[in-house]
Structure formats: structure tokens, C-alpha cells
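Here is the structure we will look at.
The values are calculated or read from the model by the stated rules, or taken from the named source; none is laboratory data. Only a predicted model underlies this, so the values are computations on that prediction, with no experimental measurement involved. Don't worry about glycine lacking a Cβ; one is built from the backbone with ideal geometry, like all the others, and counts go over all protein chains shown.
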Amino acid sequence: MPDVPDSAPRNAPSHFKNWLSLAGAITALGSLFAFVFLVAIDTFTHVRNPYVGILTYIVAPAFLILGLLFIFGGWWWQRRQARRHPETGGAFSLSIDLSRPRDRHYLFAFGSGAIVFLLMTAFGSYQTYHFTESVEFCGETCHTVMQPEFTAYQHSPHARVSCAECHIGAGASWYVKSKISGAYQVYATIFNKYEHPIPTPVQNLRPAQETCERCHWPEAFTGSLDRSYVHYLSDKNNTPYTVRLSLRVGGGQPSEGFFGGIHWHMNVANRVEYFASDAQRQVIPWIRMTSLTTGEVRTYRSPDFKGDPPADRIRVMDCIDCHNRPAHAFKTANQAVETDMALGKISTRLPYIKQTAVAALTGKYSTDDQAMEGIATTLRAKYKTGEDLSPTIAAVQAVYRENFFPQMKSDWRMYPNNIGHKDWPGCFRCHDNKHRTADGQETVRSSDCNACHTILAQGAGEDLLKLTPQGTKFKHPGGDLDPDTTCSDCHNGGNQ
């Protein structure tokens, strides 16, 4: 074979043969592997996790891009070094000669490390996937500012439903919307720019038909529910007063059972639209009802509202308009105290305990520690000593920790609850006998007590055993009231 003359050109050394490019190649390979692995998880798992998109389509590609930047950054640096030091051609070479034991050992070590790296990448990706679908991720890791909502969620009927299932749901479009809206939230959290308290996101919630109704089947809603509401009067003896009633839940699908009742409002046989003039949707001056079976349309207005509302502010009523605190309901002071009294946690043997406990809970406190001390001081000053005092103090303090958050200025007073009508207008936002048709002849259905529920029994002791299936008139323990007075005109959840 003829000798190659010294003047013959040699293959130029590759400028990619450097440590920085090698590190970039490993990073890019690992991120590409993680991307493929996460896509496989997202494709073949039965339960979709919207948050896995962050890892799959943001985090993994970001590391892939970073690895590519390292690769070409190393190439640029090596090329620059080669120009400055042409005699060496650069400081690093990746030439491998498998005939040399040292190179074989290096190759074996590199291959073993690469396998371990890929296995760790797969394991880490899988564990991170499951962590991002956990409630802890939403409630504690990224959203510590959401402590009030997270605490209320843990005590709600939906405590086993993940945050993403309601706040994002399935599909890519709402996932993208949630991440865009969440970008500012991240900034606000980092730089302490968020509001105190956190406002309810009623304007950008996904329609209930795409979230709630994935589990709750509206066509099958039917029948009535038997409910007992235990209350205590704010007198010396903490007199119990219970109302047992049959809630006429009903339904919106005639073929499935009783048609009517509370769930008449569902968008199965009827379409209810409304306009709210305030951000929390508590003032509703305009309502339009369309029968989906007959096509009949009726419009109702409050006396002081003229004309028509802006078309872009007309909302189609859905589950969340009444069930607006399905997972983040803060108990009122009265409700929480009465519940613990009924359970025996707060002793009813202490005179005026309901009145005193509610007053202690609604005091002005700046921190949790200050509240704990204030509650204990108030109750000890009132009752001095007694075997019932210590457990009662502990119970009232527990009520505060679960429902009051002074650092975030959050409690029930900041968040209207539209279920019912006792402490907030709720049903009476529309059913107030004031919304009328244009000719003034027809109003939204009356707010009569028996329209949506039938009172079976009320009072205490033997009175609760005297059931009246046909229903009885509500007897207010404080005496007769003006028929135009609604519950929330007097009750606010914190008055004794």
C-alpha cells in the first residue's frame, strides 16, 4: 500500500469532541427518553392527568433544548480553542481504541452509567407524574397561598376528587387555558402580589357539563331527600330547635321520575339564563327561561332593571350557580358551633355557650396563635372552671383552624354560598317575588317554604316525632315574621 505523503490533508478533528458537548448529548438523550416515556404514560394510562403535560411538553423539551445548546456551545468553544491553538487542535479528544484496556474500561463505565441514568430518568419521570396529579402538589407545594381553600377541600364531600378534575378537566384546550391563566398566578405568588383573600374564579370556571356532570348524571336525578337541620337558640339553656324536611330534589328528565323540584333548573328540559350585575353573582336583575320541549321563552326583570343586559354577560345557568362551593365551603360560625354542639364536642351544659363561642370565633385576630389565645381567654373569662370547659375550648379552637384564616383574611363572610337561603340570598336571588315579566302579570315562582321542600317536623323532643307527610308551615322560633322578610335579611352566619 503506498505511503501517504506528509503533505496530504488529514481528516479535521471534530469540534463536537469535548466535555461540554458530551454532557449536552447525555442531557438531550435523557430528556428525549423522558419525553417518549411520558408520552407513553399519558397515552396508555386510563386516568388522564392534565399536569403531566407540563412534564411532557414543557419540562422534557426544555431539557432537550438545553442539551442541544450544550452540544453546539461545546462545538463553538472547541472550534475557538482549535483556532487559538492549532498545534493541539483543542484540549479534548474522544478517540476510542478498544484494543487498549483503559478505553474498554472507560467504555464499560460510560455504558453502565448511561443505563443507570436512563433507568433513573424513567423512575423519576414516573414518580413525578404521579406527584403532579396529587392533591398535595396543588394544595401545598405550588399553591401554599391556597391554604384556606386546601383546608376546606380536605373537609368537603369532594375530598377524594383531585383538584385538576374540577379546575381543568379533560382535553387540551382547557389545559392550555389553565396554564396561561396560571402564569400570572405564579408571578403573583413569588412576588407576593396576590389578593387577600383570594377571589373565587367564577369568571373562568369550566362549564359544569364538562366537569361536574362527568360523575353526576343529571338525567338520573330524581326523588326527594330527608334532611334534619339541628339548631340551637342563643338563650341560657342553648335550647335545641331542629327542622326536619323533605327536600324536593326532583329532576329535569320526565322519563326518569318526578319532573320538577330543585333540579328543574338543570339544562335537560329547560334552559335558564341570567345576568348578574356584580362579580360574585349575588345580584341578578334579569332572567330568561326557555322550555326545550315547547320552545316557550319568558323573560323576567327586577323592578329597577330596564332594557336588556349586554349579550356577552348573559350566563347559562348550570350546577355551579347553586353548588358554588362544592369543595371549598367555609362553615359559618353558627353552623360550625351548632354542629359541634350536636356532636357533643361543645358542651350544651355551659350557659349561653352558643352565643359565647360564636362571639369568640368572630373576634378580630391577626394570626392563628392570637386567635387560639383569644378564644381560650374569652371562654375562661365566661366560665372560670368546670370539667366541660377544656374540651369545649379545644373544640372551638379546632373550628377556628378549619374555617378561619386571618393571614389570608378568609372565612365564610368573604365567600357567598348559594346552597339554600339561610345566611346568603341563595335561591332568593331570583325567587324573591319581585322579578316579573314585561306585562307585570307573572313573577318567578314564589319563594314559599314548601316550593322546594316539605317541612315534616320542627322543634325539639316529642315535636320531632310528629311527622306531617303533607307538610306544615314553618314556625320561626323567634315569632312571626313579615312575609317579605327573607332569612338572610337577619341571619348572616355570625349573629347569635
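What the table shows:
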| item | result |
| --- | --- |
| Pick from region 282-316, criterion in contact with a Lys or Arg (Cβ under 8 Å, 6 or more places away or on another chain) and assigned to a loop (DSSP other than H, G, I, E, B), ranking: surrounded by the fewest Cβ atoms within 10 Å (Cβ to Cβ) | PRO303 |
| Hits in region 291-337 (condition: touching a residue at least 12 places away in the same chain (Cβ under 8 Å) and of a type in the set (A, V, I, L, M)) | LEU292, ILE314, VAL316, MET317, ILE320, ALA327, ALA329, ALA333, ALA336, VAL337 |
| Residue match in region 327-348 (condition: touching an Asp or Glu at 6+ places or on another chain (Cβ under 7 Å) and more than 22 Å from ARG429 (Cβ to Cβ)) | yes |
| Test result for ASP448, at pLDDT below 90, assigned to a loop (DSSP other than H, G, I, E, B) and under 28 Å from HIS323 (Cβ atoms) | yes |
| Options GLY471, GLY493: the member that is modelled with pLDDT of 90 or more and at positive phi | GLY493 |
| Number of the condition not met by THR454 [criteria: (1) of a type outside the set (A, V, I, L, M); (2) at pLDDT 90 or above; (3) surrounded by fewer than 16 Cβ atoms within 10 Å (Cβ to Cβ); (4) over 30 Å from GLU149 (Cα atoms)] | (3) |
| Residue count for region 452-496, restricted to those that are in contact with a Phe, Trp or Tyr (Cβ under 9 Å, 6 or more places away or on another chain) and assigned to a strand (DSSP E or B) | 3 |
| Residues satisfying the stated conditions in region 399-451, i.e. out of contact with any Gly (no Cβ under 8 Å at 6 or more places or on another chain) and free of Cβ contacts under 8 Å to residues at least 12 places away in the same chain | ASP439, GLY440, GLN441, ASP448 |
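To keep it simple, each residue is scored yes or no on (1) surrounded by fewer than 18 Cβ atoms within 10 Å (Cβ to Cβ); (2) at pLDDT 85 or above.
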{"position": "CYS142", "(1), (2)": "yes, no"}
{"position": "PHE150", "(1), (2)": "no, yes"}
{"position": "SER156", "(1), (2)": "yes, yes"}
{"position": "SER162", "(1), (2)": "no, no"}
{"position": "ALA170", "(1), (2)": "yes, no"}
